[in-house]
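Inspection log for the structure reproduced underneath, given as structure tokens.
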There are 4 protein chains.
Amino acid sequence: MIGGGQGAFIGAVHRLAAALDGQYELVAGAFSSNPDTSRATGRELGLAPERVYGSFQELIEQEKARPESERVQVISIVTPNYLHFAPAKLALESGFDVVVDKPITFSLAEARELAAVLKATGRHLALTHTYTGYPMVKEAKALVASGALGQIRKVYVEYPQGWLSTFAEGDSGNKQAGWRTDPSKSGIAGAMGDIGTHAFNLLEYVTGLQVEKLCADINTVVPGRQLDDDGAVLLRLSGGASGVLVATQVAAGAENNLRLRVYGTLGGLDWQQEDNNSLVVRWPDRPAETRRTGGAYVSAAAAHNTRVPAGHPEGYLEAFANIYRNFALTLQAAHAGQAATPEMRDYPGIADGLRGMAFIETVIASGRSEQKWTDFPTIES
Amino acid sequence: MIGGGQGAFIGAVHRLAAALDGQYELVAGAFSSNPDTSRATGRELGLAPERVYGSFQELIEQEKARPESERVQVISIVTPNYLHFAPAKLALESGFDVVVDKPITFSLAEARELAAVLKATGRHLALTHTYTGYPMVKEAKALVASGALGQIRKVYVEYPQGWLSTFAEGDSGNKQAGWRTDPSKSGIAGAMGDIGTHAFNLLEYVTGLQVEKLCADINTVVPGRQLDDDGAVLLRLSGGASGVLVATQVAAGAENNLRLRVYGTLGGLDWQQEDNNSLVVRWPDRPAETRRTGGAYVSAAAAHNTRVPAGHPEGYLEAFANIYRNFALTLQAAHAGQAATPEMRDYPGIADGLRGMAFIETVIASGRSEQKWTDFPTIES
Amino acid sequence: MIGGGQGAFIGAVHRLAAALDGQYELVAGAFSSNPDTSRATGRELGLAPERVYGSFQELIEQEKARPESERVQVISIVTPNYLHFAPAKLALESGFDVVVDKPITFSLAEARELAAVLKATGRHLALTHTYTGYPMVKEAKALVASGALGQIRKVYVEYPQGWLSTFAEGDSGNKQAGWRTDPSKSGIAGAMGDIGTHAFNLLEYVTGLQVEKLCADINTVVPGRQLDDDGAVLLRLSGGASGVLVATQVAAGAENNLRLRVYGTLGGLDWQQEDNNSLVVRWPDRPAETRRTGGAYVSAAAAHNTRVPAGHPEGYLEAFANIYRNFALTLQAAHAGQAATPEMRDYPGIADGLRGMAFIETVIASGRSEQKWTDFPTIES
Amino acid sequence: MIGGGQGAFIGAVHRLAAALDGQYELVAGAFSSNPDTSRATGRELGLAPERVYGSFQELIEQEKARPESERVQVISIVTPNYLHFAPAKLALESGFDVVVDKPITFSLAEARELAAVLKATGRHLALTHTYTGYPMVKEAKALVASGALGQIRKVYVEYPQGWLSTFAEGDSGNKQAGWRTDPSKSGIAGAMGDIGTHAFNLLEYVTGLQVEKLCADINTVVPGRQLDDDGAVLLRLSGGASGVLVATQVAAGAENNLRLRVYGTLGGLDWQQEDNNSLVVRWPDRPAETRRTGGAYVSAAAAHNTRVPAGHPEGYLEAFANIYRNFALTLQAAHAGQAATPEMRDYPGIADGLRGMAFIETVIASGRSEQKWTDFPTIES
């Protein structure tokens, strides 16, 4: 693991998620650019001291120097955005598979370069767009793909948070607020990069459609903040659909209730993270139905990503763990020389990363434009 | 009553709402431009045949000719939009008070002329923007006005319906779909006039803010339809707030779940019509609270608009009836030469009508514009 | 109307419910045993002074003395329980149809006598067990009757209130608490008579089953109170089903969320008053469905008792009004010499009243018994 | 691990829960009484073949024979009920700490003997009454203990399931249904032992009260079944409170929505597993509040049992893992010679096991009794 030292949030989540299914064992880390912090974290996690490193370069080099059966196989990169590209590139080039937190890089240019490295090295990469790991999100995607909703016409995705509704970055103890609002660490976007990309990824994942142009109202609401903390985006999608994406971190009192609604010619679906084990499907002429994690009737994709029977709630860590688990299954299949099943390969990867970075750049550009519509760039897949 | 013959929807609602509190008695009507239909409706409703008229002109003239104690006092106009202005103007000029369904007229120009007539005659007019009649909407307005949420920053209002997700106007028996999608009867807007104005009115009512400019994506989704059936609008409001308004009639499976969320510097509120007796208020640092119709702690405005104790659900007709009741109380105060209290005067009127028509014209203009922002016109109050 | 003077709760509800559909006009009343109070109420309601009476006897006698076309047709009795029987009997014997609030009388013996009077006079009587008036309760009954749930096995009904969790009757201004906890006015039961009978009526109405024996834990929780304010009852029903009935008025913080769940061999239903426009139906092997008031797919009974389209919430007053409306339709059919349809005759009546009184007497007896089971008496229908 | 071979449900849950926080490593197992099954499971889980045993005796003996630093420290017993006591006793006597699934033993007598063994050996034991591991259940307990609800008067706990609404044990492939309905494996109770004990444990845990007598209606609803599959129980608790416990496995369509409501003199709380991250608290005179996992305001106990920030749902596995984690923290403190904090010691243990077995025996006896009330036995703590 690279990053995830004391005080970090997402590093701990990666560790919990990786541990859940017993597919990963954490054996080495460069948890911080501060060697003391890195060592302290390593001690807390019970790692062998010689495998706790002071930098990502050191980690990659020294692990690569170990015998193959004794080195790490997958490297998780859970640093702030500006520190994704370099370790990811070096890890891939050194023969490791990589899990990287979103957004994939600091810029679209970096993402393109990383895509080229990935292709050249033939390694594997997973991107932790957590929300696509929920069983009922899988069910939603399967439902759309089945055609049961007809042709998709409208897509609404919203991601309201409230934790940045004050000038939290003014508190030096708030590391999360600090780097996420700092353009030198986060990139050109704040809220749009942090949570807007999740919303964007969720909607493209479930609908199978692609955003073609957009019109964004991007705001920095809290005085003194350097990056956007709020935005709303009108969307035009492939196939003639349209929609709205809302992402804000200044909705005081809101937690994290990412919600997606998709309406087709025949019916609509509604999923929200706060009630993540339910998928509500509404029809014009018959009762709404509530599909549930673990239900006897769910799609193969939903079933594959479920651990316990219906009525035993699964949550965020399980969704996160599904990415890790499917990535592990894919790597195991690769090592065994077998083809991974579609369920195994169902984790976010470089394509999601490229489109996510394109979203960030397009939405910020649109926010600055007086023209209504800004085209989404073509992303070579 | 003018309009509301057999097959109409909103006419029956007006009659139920007016009857509920025993403040109104229906004694005369011109229910249809077809005299047979009008007579049949009058018979069904048990009216004296001589007070069932064949046209609104006839109704107004003949009622005016009756002795003052035997004539109607208030005229409700529940016709399609293109038939609001003429009867309203004639009724006011003939000395009657008027209730008119929304949107107030066919165009902003008509609304301005009606405002002038109203001012000149000194009569009273109520506009049935139903949703502001709900007790918990009153509570929401009182909460914002109290400053408890701090300065308002974000406003989200959405009004998803699904009943026009097919080409329903192709069915000649569907009178509702017929006139509401016909520009000669409905005006320049379809969904935006029919339900967008409700959403707009609700957000301005609760927040006390005014839309200053907007950016609209207006669509006609169902092939063959003559007017918009879908739209999403970015909003900039007075006081620096911003927001999003969504109104669609092609969300297949959606019923009528108008929802408003308002976030200030200190907290946020959430109201949805489907659970109209609850108002959820969320705070960053303490538990969310659910205020309920009839609660011991609600504002005077909410209490005034409630009929039964907490736990006995009130609904759409009660909200509608609150407009009729408050209008009646205001008229009674006027007749008694007394000042109406703020609670009595709390019903939508000409100012709401003017802003609603301005919204329609601005949102349609923005939908056709390549520029991001379109200014909202100044409305003289 | 007999009863319902100033300070009363249920009298006002009866007036609102009767007014809603324009089927009733309030023209006479004996609103209080105090003639001044009665007159004041009459004035407030705009009645002709000569038809505001000082006693129920006076009302019935003088109205009977008027020409048939100028007298009241239906008498609503909204007094405390001890004052139901005498006016109801006199009214029926004097040729009037009667609406009476629940429970029907002070004792089962009185109810049996009233049943005999009703039979002998051939008049009509409606009993306002409000909750059976909700459209989705009608839907629930139709669903059970259709066999879709299979054979019914389990029934759970609960009625938690909190308004008597303090010694409210100690406050002389609290008229509701006063008479409802006074055995000389309320009868042998407090909570079980006031709300237990509603729960009991709801479960027998929806399931079509009858309670055959029961085991009750009846408590007086608040010190100083004279009647039960809390109870829980194990039930054995016809057809081999069993269940639980809970009714309490000391659940501090609870409003009035009557809830019924019924499970059969094939599936289960769930209705709660707080979300009265939804009926949730759960199945073992397919998604739960939510049926909604106004849905295109609902039963004839549900549709008949609905006034506005789906998505426009109906509530308590509408449910109450459905009893008044169906009673009016039945009387109109009778006057016209026509057969009332099943939908028209679908209002609670004497049979519900008899079983309700039997429930009160049985549940109180069981509460005092050391034996587990107490038989429910046979009620001649 | 003892038990948990292929086809088992709860063994896999124990493994996931133990893995989540990285406090446990699975290194040995006797997964089945069938050595082949045991070996196959061991292989699947990647264990060293020499530590996969053919019986629990073998596991305990051989592990004990290993050097202290290389043997298992904690033994998890996840077999059917009839196979809890013997391995638990042997493990404790052999110097191991034990996690055992509920109910703790086959009979109360066995539980008492196990308690004596535990006391004599000075080892530690945890019992996986999962539901007390939820953060908002901790919050509920803290709320009651704080006195904020006043004196507790009413307790309602319900646990509806539907998975045994058919004769599932007739399907030889359904191992779960098979042993859970078999008195030779499950004990004298079916539903009451399987889920009734969970409901009972939850209510005693949260309220801090003890059941003193009860009155049970115990049913075997599905023809051919050997044990109860349904029951309802009236409760009298210490301190004068009363309540109702419902547990059924024949509520066709129900999943697993365990729910607890507690009402005191000042207010009431409501928790349900389906929405486990919320705790609703209702007050007579102010708005209901919804406390949420991760909220800034929650109790120390709730915060201690939470892994991710508010708005990231935790679920069943996290609740289960909290038992494992707190047990590990307690053992680590013991090994370090330190006192465990109250938060560490907050996991179910022998006292819960004893009362659970007493509940099973009392509730079944009451079900067979004609007397209303059956006393709960005294359990020496």
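Would you say B:Gly208 is of a type in the set (Gly, Ala, Ser) and open to solvent by 20 Å² or more (accessible area, probe 1.4 Å)? Write out each step before concluding.
On the way: of a type in the set (Gly, Ala, Ser): yes; open to solvent by 20 Å² or more (accessible area, probe 1.4 Å): yes.
The answer is yes for B:Gly208.
Based on this model, can you work out whether B:Glu314 counts as part of a loop (DSSP other than H, G, I, E, B), of a type in the set (D, E, K, R), modelled with pLDDT of 95 or more and open to solvent by 30 Å² or more (accessible area, probe 1.4 Å)? Give the steps one after another, and end with the answer.
Numbers: part of a loop (DSSP other than H, G, I, E, B): yes; of a type in the set (D, E, K, R): yes; modelled with pLDDT of 95 or more: yes; open to solvent by 30 Å² or more (accessible area, probe 1.4 Å): no.
Criteria not met by B:Glu314.
Please note which strands (runs of 3 or more DSSP E) are completely contained in the range D:213-272 and include at least 3 residues that are in contact (Cβ under 8 Å) with a residue 60 or more places away in the chain and farther than 20 Å from D:His198 by Cβ.
Working: elements: D:230-237, D:242-248, D:259-264, D:268-272.
No strands (runs of 3 or more DSSP E) qualify here.
Which of the residues spanning the range B:56-83 are free of Cβ contacts under 8 Å to residues at least 24 places away in the same chain and of a type outside the set (Ser, Thr, Tyr)?
B:Gln62, B:Ala65, B:Arg66, B:Pro67, B:Glu68, B:Glu70, B:Arg71, listed by residue number.
Any chance the range C:120-131 includes a residue that's under 30 Å from C:Ala300 (Cα atoms) and assigned to a helix (DSSP H, G or I)? Break it down into steps so the answer makes sense when it comes.
From the range C:120-131, those under 30 Å from C:Ala300 (Cα atoms) are C:122-131; that's our starting set.
In the following step, the residues that additionally are assigned to a helix (DSSP H, G or I) were identified as C:130-131.
Taking every residue of the range C:120-131 in turn, at least one turns out to be under 30 Å from C:Ala300 (Cα atoms) and assigned to a helix (DSSP H, G or I).
Can you tell which of D:Val246, D:Val233 is under 21 Å from the mean Cα position of the chain (by Cα), under 24 Å from C:Val144 (Cβ atoms) and in the same structural domain as D:Gly196 (by TED's automatic domain parsing)? Spell out how you get there, then give the answer.
Working: D:Val233 fails: under 24 Å from C:Val144 (Cβ atoms).
Every option except D:Val246 fails the conditions.
Is it the case that some residue within the range B:225-234 is more than 21 Å from A:Ala232 (Cα to Cα), open to solvent by less than 30 Å² (accessible area, probe 1.4 Å), within 14 Å of chain C (Cβ to nearest Cβ) and in contact with a Gly (Cβ under 8 Å, 6 or more places away or on another chain)?
There is no residue in the range B:225-234 that is more than 21 Å from A:Ala232 (Cα to Cα), open to solvent by less than 30 Å² (accessible area, probe 1.4 Å), within 14 Å of chain C (Cβ to nearest Cβ) and in contact with a Gly (Cβ under 8 Å, 6 or more places away or on another chain).
Find the residue count for the range D:280-301, including only residues that are open to solvent by less than 30 Å² (accessible area, probe 1.4 Å), assigned to a loop (DSSP other than H, G, I, E, B) and within 14 Å of chain C (Cβ to nearest Cβ).
Count: 2.
What residue, of B:Glu380, B:Glu314, B:Glu343, is over 30 Å from D:Glu289 (Cβ atoms) and acidic (Asp, Glu)? Write out each step before concluding.
Numbers: B:Glu314 fails: over 30 Å from D:Glu289 (Cβ atoms); B:Glu343 fails: over 30 Å from D:Glu289 (Cβ atoms).
It is B:Glu380.
State yes or no: is C:Gly349 within 14 Å of chain B (Cβ to nearest Cβ), surrounded by fewer than 24 Cβ atoms within 10 Å (Cβ to Cβ) and modelled with pLDDT of 95 or more? Outline the logic, then answer.
Working: within 14 Å of chain B (Cβ to nearest Cβ): no; surrounded by fewer than 24 Cβ atoms within 10 Å (Cβ to Cβ): yes; modelled with pLDDT of 95 or more: yes.
Against the criterion (within 14 Å of chain B (Cβ to nearest Cβ), surrounded by fewer than 24 Cβ atoms within 10 Å (Cβ to Cβ) and modelled with pLDDT of 95 or more), C:Gly349 does not qualify.
Out of all the residues in the range D:3-40, which are open to solvent by 20 Å² or more (accessible area, probe 1.4 Å), in a loop (DSSP other than H, G, I, E, B) and not aromatic (Phe, Trp, Tyr)?
If the condition is that a residue be open to solvent by 20 Å² or more (accessible area, probe 1.4 Å), in a loop (DSSP other than H, G, I, E, B) and not aromatic (Phe, Trp, Tyr), then D:Gln6, D:Gly7, D:Ala8, D:Asp21, D:Gly22, D:Gln23, D:Glu25, D:Leu26, D:Val27, D:Ser32, D:Ser33, D:Asn34 are the ones that fit.
When only residues in the range A:44-54 that are of a type outside the set (A, V, I, L, M) and at pLDDT 95 or above count, which is nearest to A:Thr79 (Cα to Cα)? Quick ask: steps written out before the conclusion?
The first filter runs over the range A:44-54 and keeps only residues of a type outside the set (A, V, I, L, M), leaving A:44, A:46, A:49-51, A:53-54.
Okay, now just the ones that are also at pLDDT 95 or above, so A:49-51, A:53.
Details: A:Pro49: 21, A:Glu50: 21, A:Arg51: 18, A:Tyr53: 15 Å.
The selected residue is A:Tyr53.
Quick one: in the range A:248-278, which of the residues that are hydrophobic (A, V, I, L, M, F, W, C) and away from chain D (no Cβ under 14 Å) is surrounded by the fewest Cβ atoms within 10 Å (Cβ to Cβ)? Outline the logic, then answer.
Start the filter on the range A:248-278 by keeping residues that are hydrophobic (A, V, I, L, M, F, W, C), which leaves A:250-252, A:254, A:258, A:260, A:262, A:266, A:269, A:271.
Checking the rest, the ones that are also away from chain D (no Cβ under 14 Å) come to A:250, A:260, A:262, A:266, A:269.
Numbers: A:Val250: 26, A:Leu260: 26, A:Val262: 28, A:Leu266: 17, A:Leu269: 27.
Among those residues, the one meeting the criterion is A:Leu266.
Working carefully through the options A:Thr378, A:Thr362, A:Thr374, find the one that is of a type in the set (S, T, N, Q), open to solvent by 50 Å² or more (accessible area, probe 1.4 Å) and over 25 Å from D:Leu317 (Cβ atoms). So that I can check it myself, show each step before the final result.
Details: A:Thr362 fails: open to solvent by 50 Å² or more (accessible area, probe 1.4 Å); A:Thr374 fails: open to solvent by 50 Å² or more (accessible area, probe 1.4 Å).
Being of a type in the set (S, T, N, Q), open to solvent by 50 Å² or more (accessible area, probe 1.4 Å) and over 25 Å from D:Leu317 (Cβ atoms) holds for just one of A:Thr378, A:Thr362, A:Thr374, which is A:Thr378.
Of all residues in the range D:129-162 being polar (S, T, N, Q) and farther than 18 Å from D:Glu343 by Cβ, which is least open to solvent (accessible area, probe 1.4 Å)?
If we filter the range D:129-162 for residues that are polar (S, T, N, Q), which is where we start, we get D:130, D:132, D:146, D:151, D:161.
Okay, now just the ones that are also farther than 18 Å from D:Glu343 by Cβ, so D:151, D:161.
Working: D:Gln151: 110, D:Gln161: 17 Å².
If we take residues in the range D:129-162 being polar (S, T, N, Q) and farther than 18 Å from D:Glu343 by Cβ, then D:Gln161 is least open to solvent (accessible area, probe 1.4 Å).
Condition check ((1) more than 25 Å from B:Glu318 (Cα to Cα); (2) outside the structural domain of C:Arg180 (by TED's automatic domain parsing); (3) touching a Pro at 6+ places or on another chain (Cβ under 9 Å)) across all residues:
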site: C:Ile2; (1), (2), (3): yes, yes, yes
site: C:Ala17; (1), (2), (3): no, yes, no
site: C:Asp21; (1), (2), (3): no, yes, no
site: C:Tyr24; (1), (2), (3): no, yes, no
site: C:Asn34; (1), (2), (3): yes, yes, no
site: C:Ser38; (1), (2), (3): yes, yes, no
site: C:Leu45; (1), (2), (3): no, yes, no
site: C:Pro49; (1), (2), (3): yes, yes, no
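What's the number of the condition B:Ala334 fails, among (1) free of Cβ contacts under 8 Å to residues at least 60 places away in the same chain; (2) surrounded by fewer than 24 Cβ atoms within 10 Å (Cβ to Cβ)?
Just one mismatch for B:Ala334, condition (1).
Which of the residues that make up the range B:94-123 are within 18 Å of B:His335 (Cα to Cα) and touching a residue at least 12 places away in the same chain (Cβ under 8 Å)?
B:Ser94, B:Gly95, B:Phe96, B:Asp97, B:Val98, B:Val99, B:Leu118, B:Thr121, B:Arg123
Going by the conditions given, is B:His304 crowded, with 19+ Cβ neighbours inside 10 Å and farther than 21 Å from B:Phe200 by Cα?
On the way: crowded, with 19+ Cβ neighbours inside 10 Å: yes; farther than 21 Å from B:Phe200 by Cα: yes.
The answer is yes for B:His304.
When you go through D:Tyr134, D:Tyr156 one by one, which is the residue that is out of contact with any His (no Cβ under 6 Å at 6 or more places or on another chain), more than 14 Å from chain C (Cβ to nearest Cβ) and of a type in the set (Phe, Trp, Tyr)?
Values: D:Tyr156 fails: more than 14 Å from chain C (Cβ to nearest Cβ).
Every option except D:Tyr134 fails the conditions.
Might you let me know whether the range C:58-73 holds any residue that is touching an Asp or Glu at 6+ places or on another chain (Cβ under 8 Å) and closer than 26 Å to C:Gly7 by Cβ? Write out each step before concluding.
Going through the range C:58-73, the residues touching an Asp or Glu at 6+ places or on another chain (Cβ under 8 Å) turn out to be C:71-73.
Those left that are additionally closer than 26 Å to C:Gly7 by Cβ: C:72.
Yes.
Please state which of the following conditions B:Gly46 fails to meet, knowing it meets all the rest: (1) without any contact (Cβ under 8 Å) to a residue 24 or more places away in the chain; (2) buried (at least 16 other Cβ atoms within 10 Å of the Cβ).
So the condition that B:Gly46 fails would be (2).
Checking A:Gly178 against (1) in contact (Cβ under 8 Å) with a residue 24 or more places away in the chain; (2) open to solvent by 10 Å² or more (accessible area, probe 1.4 Å), which single condition isn't satisfied?
Unmet for A:Gly178, out of (1) in contact (Cβ under 8 Å) with a residue 24 or more places away in the chain; (2) open to solvent by 10 Å² or more (accessible area, probe 1.4 Å): (1).
Quick one: B:Ala8 ticks every box in (1) of a type outside the set (Asp, Glu); (2) within 27 Å of B:Ala333 (Cα to Cα); (3) modelled with pLDDT under 95 bar one, so which box is it?
Evaluating B:Ala8 over (1) of a type outside the set (Asp, Glu); (2) within 27 Å of B:Ala333 (Cα to Cα); (3) modelled with pLDDT under 95 leaves (2) as the failure.
Here's a check for you: in the range B:181-192, which residue that is buried (at least 23 other Cβ atoms within 10 Å of the Cβ) and not small (Gly, Ala, Ser) is farthest from B:Leu260 (Cα to Cα)?
Here the answer is B:Thr181.
Restrict the check to the range B:94-102 and report whether at least one residue is surrounded by 23 or more Cβ atoms within 10 Å (Cβ to Cβ), within 16 Å of the chain's Cα centre (by Cα) and assigned to a helix (DSSP H, G or I).
Looking for residues that are surrounded by 23 or more Cβ atoms within 10 Å (Cβ to Cβ), within 16 Å of the chain's Cα centre (by Cα) and assigned to a helix (DSSP H, G or I), one finds none in the range B:94-102, hence no.
What single numbered condition from (1) in contact with a Phe, Trp or Tyr (Cβ under 6 Å, 6 or more places away or on another chain); (2) within 30 Å of C:Pro309 (Cα to Cα); (3) assigned to a helix (DSSP H, G or I) fails to hold for C:Ala145?
The failed condition is (1).
Given (1) under 26 Å from A:Gly295 (Cα atoms); (2) within 14 Å of chain B (Cβ to nearest Cβ), where does A:Asn201 come up short, assuming only one miss?
(2)
The values are calculated or read from the model by the stated rules, or taken from the named source; none is laboratory data. The structure presented is a predicted model; accordingly, all values stated were derived computationally and were not measured. Backbone-built Cβ (ideal geometry, glycine too); neighbour counts: all protein chains shown. Side chains are part of the model used for accessible areas, which takes the heavy atoms of the whole protein and leaves out ligands, DNA and RNA. Shrake-Rupley method; radii C 1.70, N 1.55, O 1.52, S 1.80 Å.
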